[in-house]
Structures are given as structure tokens and as C-alpha cells.
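Have a look at the structure that comes next, please.
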Amino acid sequence: MNNPKIADAFDEIADLLEFQAANPFRVRAYRNAARKVRDLSESLAAMVDEGADLTKLDGIGKDLAEKIAELTTAGRTAMLDELRSAVPPGVLALLRIPGLGPKKAAALHKELGIVSLEMLRAACEEHKVRALKGFGDKTEEAILAGIDFAAHAQERVYWATADATVQELLAHLEGAPGVRRLEAAGSYRRGKETVGDLDLLADAPDHGPVMDRLAEFPGIAETLARGDTKMSVRLDTGMQVDLRVMPAESFGAALQYFTGSKEHNVKLRGLAKDRGLKVNEWGVFRVGKDGAEGERVGGATEDEVYTLLDLVTPAPELREDRGEFDLKQAPKLIELADLRGDLHMHTTATDGRASLREMVQAAKDRGLKYIAITDHSQRVSMAGGLTPERLREQWREIDLVRKEFDSIEVLKGIECDILERGGMDLPDDVLAEADWVIASLHYGQSQPRSQIMERLLGAVEHKHVSIVAHPTGRLINRREAYDVDIERLVAAAAAAGKLLELNANPARLDLNDQHCALAKKHGVPIVISSDAHRIEGLDVLRYGVLQARRGGLTASDVANTLSWSELKKLVGRK
DNA sequence: GCCGTTTTCGGCCCGACTGTTTTCAGTCG
């Protein structure tokens, strides 16, 4: 059993335990473990095989280590089997309904015997639900409305999609009377690859006008809640937007709090407690001897909050409780302006929509100093992949283009397929002539790990290959990664002096943030590439930069911040 | 269920909002 499956098992255990009203901290232990396992780059199955001490992992104790061993060897754990037999399948679906938590869901199951969304709908329509203690007619109506919502609850959207909505919301709210400051917080501000809902924070003397303004936003489906400081709405797209209106003196504390992540905040508040302080969205407070809230000591800015706890202020992208509390100084993370070249793009020669010259002009317009033209190789027949003859033809065209354009270098590249049986899709003598050779895998994606790794490692060790593109192949929300041993791939790249791509397409973002951190640890340079198939495709680099920042990368960790002549030496091209 | 030079037991972040209640539990983030 692989890491994601183990994480899923722990999450399911947490859900089931919660449903049974188990100790909330025990539930949290399982959720924490699920997250740690998901974040882990090493294969737990391999660690178990090697007899590694899993309790060395943060959040994994004796009990969870045993369950991991059980899951990796037997593919199941007795505890989960027992929980599943105790809770009818379908009951957990109730928890997806907004407003239904474990307590209410358990009451519905216990009192009315409800085991599915369909039964729940019938019970609501027969008004059996409102008769239960703790339920009323409003709850019943909310559940009925929530069933349809839960049935097709949307998944988290790409950061890029969320960004478009955020910009519209901010532009709309800026017009509200009295608004002094406006920020988008939450996972959006942390630059997470997907965003579930939007958190907006406003500094205004009075909450009324700002909330009224939000209510007028075109595309609001309904208002979910509205109080003195907090308002929640749902957009037509299904996305939820939470607005908080806070006074200026609390703005920093509020921004810190609503930026999260949850795990970061839990840790932060624990650290505050150790220091005799309390942190909430209103500020930082001393705690009296009797535990009562004491003097307020700060909270106007985020820096103030962190400084009061003797911490450096981590960039929002780093706030995931993945070591940011140990920072002695804040790293200067990479920025979009640091990128000087783009080394992965397509033209009409294969499946691109813009011609060679159009791509060069568009790249030059965007201030890029060098680009590599990297169309597909012949194996990718659906895209009209290039044979050696057609590739050489394109390179002759590039010779001409080089004379037509100044102030941008155009490199002769290729995105060469790694064949299903292993080996490269073009002969060595052709690859030897290229300035830049990308190796990537498009076919045989469901092969077992051993085969996938043989292909990837073969490419890494190939003398003419510069880099492996979209190394895991995952498509966010759509396709799982190939079965890649990322730890081994990174180690091999380090040994061979090769580079790895961070593909900036919002649907790929491959490598992911944790993989970037792993590459940095091994000293493997990352190249952030657009993989553009049209002119506008060149504009995705910013999403790659966000992902790189989440991995803690600085400009010196990213190879296309170098000039081409520096980068050429790095990859050993003549 | 995890964790620990203050602890191997007793902690484990904190507050807003809603609905169903007459003071609070449940849910959510």
C-alpha cells in the first residue's frame, strides 16, 4: 500500500471515530498522521521493509507505526475493518452536508436509522427531522437544501481560477464606503495549488456598508451567515466566500489568523501558550495567573504577532507547519521577476497554436531573454510529433529566426518522449545537436513503479538529456501521478547533474511544493517552465513561481534565473 | 493517539455564528 492510500485510510478512521463521538484529540492524531503521510516523500512501504523506526516521524507514535506496518504489509488494518462494520456505509456521506457535523449526523442515524442521503431526503420531506431534539424546521430546510449541494459539491479549484474571482471581488469591495484596507487571505494567499473557499479581510470603521457591498456582488447565489464581524456567501459557481471586517488595531492578527494554515495556527497558538501569551484574531494578549485574558500587547501587523513570539515572519506560502517555526531568518523566496528564460514551449510544428515566430515575439514582449522551442518527438503521434527530419527542418528555421530577432536567444530544443520500453524517442546523434533536451513520459503511464523508474532513471542518465519534464505526470483533480519513487529520481538527478522541471501549467504544477523542497535538499536545480501551447500560455510562469515559493525555493535554487550562458555550463552543453 | 529538561499523566488553539434554546451545543474555519 502506498502513502496516499495509507493517508486515505487514516482519514477514514478519523471520520468514523468522529462519527462515534470519540475523543477529539484522538481524531486529530489520525488526521495529523494522514497529513504527515501525504507530505512524506519517502515510501512508507519501503521504510517498513528496511525496518526503519517510524516513530521517529513527527506525529507517529507506537500505535500509528504499527498500523502503518499493518497497512503496508497486509493492505488493511483490523481497526478500520471493525469501524467500517460498526458504521453503515453511506452514513459518512451525511457529513458532507454543510451544517451537519458528527453529532447531528449520529443523531439522525441513531434516532431515525438514516444510512444514506436518499433516506435523509425522505425523512426531511416527511418532517421527521424537525421533531428530533436539537433540530428544528430551519435545520430541516437547511439539510434538504444541503443534500443537493453535497451531491455535486465542487472540488477545490485551481489557484489560477480562484485568482480571477478574487480580483473581481476585491475590485468590487474597494468601492465600499469606509474601506481602508482589503486583503485576500486563506489558502489563496498561501499560494496553494488549489483553493477551496475564499477568505477576505477588510479594515473598515463599520461592518454594515462593506457587507452590504458584498451582498451586491454579481454572482452571489445566497448569503449563508451574517454577523457583526463575519459574513459568508456562496457564489453561483458554488464557491464560498467569507468576509471578515476587523478594526485596524487587529488587522495584522486577523490577517495572520485567516491566512492559516490551520496546522500553522494550531502550532503558533501552542507556542504562544508556552510563552504565557494568547493569540487570537483580535491580537496578542498576556494570560493572567488565573488564566484570564490580560493586557493586549499587539496585533496591528503580522510582524508584530510573530515578533512577540520570538519568531520570524514566514512568507504566507511557507505557513504549513513544515518547519517554518524553526527559521532563524526569513528566506528571500524566488519572484517572477527573477526568471530570465522559459525552456519548454510548443509551436504549430506539433500541437501548439502559435507559430515559431509568434512564440518568439510573444516571449520577447514579455521580457524573456531566452527561450527553448521544445516540440514533441515522433512517438507522440496524436500531437504530430517530430521525426529527425522535421526537427532538423525546424532548427534550420530557428537559424533564420535568430537573425530576425535581437535581445532574445532562441534555443533549439526538443521534448523527447521516453519510450514505453525505455530509451529515448530520437537517436543520439540528433539529440547531440540540440541546445536543450527535455525528456518526458506520455505513454505507458500506468506501468508499475519498477518499470516507470527504469524509464525515468534511464532518461536522467542519458548523456544528452538536460532535464525531466512534469516528472510525476499528475493532473490536479483529474489524473493521479505515475507510480514514481520521487526520492530516487531526485537522488539520480543529483548524481547525474541533471535538472528537474516545475511545470507551471495550473493543472499540472508538477513537481509539487514538497517535491521542490526535496530537490532543494538534494541540490537539484529546478527549472520553472510554461509548457505553453499558445501565446497566452507563456503567462502561467507566475503559478509555477508560487509553487516554488511554497517549496521554499530561492532564486539560486531555480536554474532559469541564470543567463543562458551560465545555464548552458550548468547542464554541460557545448 | 501523541507528546514531554517544567510533565510518562494530563494536557492538546480559539472565536463567530446559527438555531434551538432560555444559557448553550454544534458546526465551521
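Run through the DSSP bridge list for the range A:157-246 and note the antiparallel percent, rounded to the nearest 5.
Taking every DSSP beta bridge with both residues in the range A:157-246, the antiparallel ones total about 75 percent.
Heads up, I need the accessible area for A:Trp159: 1.4 angstrom probe, whole protein in place, Å², nearest 10.
Taking all protein chains as shown, A:Trp159 has close to 30 Å².
Compute the long axis of helix A:388-404 from its Cα atoms, compare it with the longest principal axis of the Cα atoms of chain A, and write down the angle in degrees, 0 to 90, nearest 10.
Taking the Cα atoms of chain A, the angle to A:388-404 is about 90 degrees.
Here's something else I'd like to know. Which value in nm describes the separation of the simple spin-label points at A:Val312 and A:Leu224, placed 7 Å from the Cα toward the beta carbon?
3.6
A further question follows. Amide H neighbours of A:Gly385 under 5 Å, counting only residues 5+ apart in sequence or on other chains, H built in-plane at 1.01 Å?
Those qualifying (amide H under 5 Å, at least 5 residues apart or on another chain) are A:Val380.
Further question on the same structure: Compute the distribution of all C-alpha to C-alpha distances in the range A:3-86, in bins of 5 Å from 0, and list the percent of pairs in each, rounded to whole numbers.
Whole-percent P(r) values from 0 Å outward: 3, 16, 28, 28, 16, 7, 2, 0.
State, as an integer percentage, the relative contact order of the range A:336-570 based on alpha-carbon contacts under 8 Å between residues 6 or more apart.
20
Go from 0 up to the bin containing the longest alpha carbon distance in the range A:251-326, width 5 Å each, and give me the % of pairs per bin.
Answer for the range A:251-326: a P(r) of 3, 18, 30, 28, 13, 6, 1, 0 percent.
What ranking of A:Met424, A:Met211 comes out by heavy-atom accessible area, probe 1.4 Å, highest first?
A:Met424, A:Met211
Also: Between A:Glu295 and A:Arg181, what length comes free when the chain is fully extended (0.36 nm per residue of separation minus the Cα-Cα distance, one decimal in nm)?
Length gained between A:Glu295 and A:Arg181: 38.4 nm.
Per the 1.4 Å probe, what fraction of the accessible area of chain A, in percent, lies on carbon and sulfur atoms?
On the way: 12850 of 25750 Å².
In chain A, the share of accessible area belonging to carbon and sulfur is 50 percent.
Let me ask something else. Defining a contact as two alpha carbons under 8 Å apart and six or more residues distant in sequence, what relative contact order in percent does chain A show?
Worked out over chain A, it gives 9 percent.
For A:Leu214, tell me the accessible area in Å² from a 1.4 Å probe, rounded to the nearest 10.
Looks like 0 Å² after rounding.
Please report the antiparallel percentage of the DSSP beta bridges confined to the range A:439-536, to the nearest 5.
In the range A:439-536, DSSP labels about 20 percent of beta bridges as antiparallel.
Another question about this same structure. Which ³J(HN,Hα) values in Hz, rounded to whole numbers, follow from the phi angles of the range A:278-285 under the Karplus curve 6.51 cos²θ - 1.76 cosθ + 1.60, where θ = phi - 60° and Gly and Pro get x?
10, 10, 9, 5, 8, x, 10, 10
How long is the gain from A:Asp539 to A:Ala491 if the chain were fully straight, where each residue apart is worth 0.36 nm and the alpha carbon distance is subtracted?
Numbers: separation 48, 0.36 × 48 = 17.28 nm, distance 3.09 nm.
Full-extension gain reported as 14.2 nm.
Looking at the range A:390-447, which trypsin sites (Lys or Arg not before Pro) are DSSP coil and have at most 15 other C-beta atoms within 10 Å of their C-beta? Intermediate values should be presented prior to the final figure.
Details: sites: A:Arg390, A:Arg392, A:Arg396, A:Arg402, A:Lys403, A:Lys412, A:Arg421; in loops: A:Arg421.
Answer by residue number: A:Arg421.
Taking amide H positions as placed 1.01 Å from N in the peptide plane, with prolines and chain starts having none, which residues 5 or more places from A:Arg353, or on another chain, fall under 5 Å of its amide H?
Result for A:Arg353 returns A:Arg534.
Work out the length of the dipole vector of chain A about its Cα centre, built from +1 on the beta-carbon of each Lys and Arg and -1 on the beta-carbon of each Asp and Glu, and round it to the nearest 20 debye.
Value, rounded to 20: 740 debye.
P(r) for the range A:157-246, please, calculated from all Cα pair distances in 10 Å bins and given in %.
Binned Cα distances yield the sequence 18, 56, 25, 1.
Using only the alpha-carbon atoms of the range A:419-574, report the extent along each of the three principal axes, biggest first, to the nearest angstrom.
On the principal axes, the range A:419-574 reaches 39, 35, 34 Å in Cα extent.
Right, next: Which links in A:Lys36/A:Lys138; A:Lys36/A:Lys103; A:Lys138/A:Lys273; A:Lys56/A:Lys520 stretch past 29 Å when you go from one Cα to the other?
Going by Cα-Cα distance, A:Lys36/A:Lys138; A:Lys138/A:Lys273 fall outside the 29 Å limit.
Right, here's the next one. Fully extended, how many nm does the chain gain between A:Asp399 and A:Lys267 (0.36 nm per residue separation, minus their Cα-Cα distance)?
Roughly 41.8 nm would be gained on extension.
Find how many whole Å separate the alpha carbon centroid of the range A:389-410 from the alpha carbon centroid of the range A:487-505.
With the range A:487-505 and the range A:389-410 each reduced to a Cα centre, they are spaced 28 Å.
Rg(Cα) of chain A divided by 2.2 N^0.38 Å? Show your work: numbers first, answer last.
Numbers: Rg = 26.6 Å, N = 574, 2.2 N^0.38 = 24.6 Å.
Rg over 2.2 N^0.38 Å, computed on Cα atoms: 1.08.
Okay, moving on. How many nm is it between the label spots at A:Phe149 and A:Glu566, if each spot is 7 Å from the Cα in line with the beta carbon?
5.1
Something else: Does anyone have the angle between helix A:62-74 and the longest principal axis of chain A? Alpha-carbon axes, 0 to 90°, nearest 10?
50
Applying 1/(1 + (r/R0)^6) with R0 = 45 Å to the Cβ-Cβ distance of A:Ala555 and A:Arg76, what FRET efficiency is obtained, to the nearest 0.05?
Calculated transfer efficiency: 0.45.
While we're looking at this one, here's another question. Before I look further, what does chain A give for accessible area per residue, probe 1.4 Å, in whole square angstrom? If you can, show how the numbers build up before the last one.
Values: 25750 Å² over 574 residues.
Dividing the accessible area of chain A by its residue count gives 45 Å².
List the relative contact order of the range A:92-151 as a percent without decimals, with contacts defined as Cα pairs under 8 Å and 6+ residues apart. Mind showing how you got there, number by number?
On the way: 44 pairs, mean separation 23.2, N = 60.
It rounds to 39 percent for the range A:92-151.
The values are calculated or read from the model by the stated rules, or taken from the named source; none is laboratory data. Please read these numbers as outputs of a predicted model, since none were measured by experiment. Neighbour counts are summed over all protein chains in view; Cβ atoms, including those assigned to glycine, are modelled from backbone coordinates with ideal geometry. The area values use the complete protein model at the heavy-atom level, side chains included, leaving out ligands, DNA and RNA. Shrake-Rupley method; radii C 1.70, N 1.55, O 1.52, S 1.80 Å.
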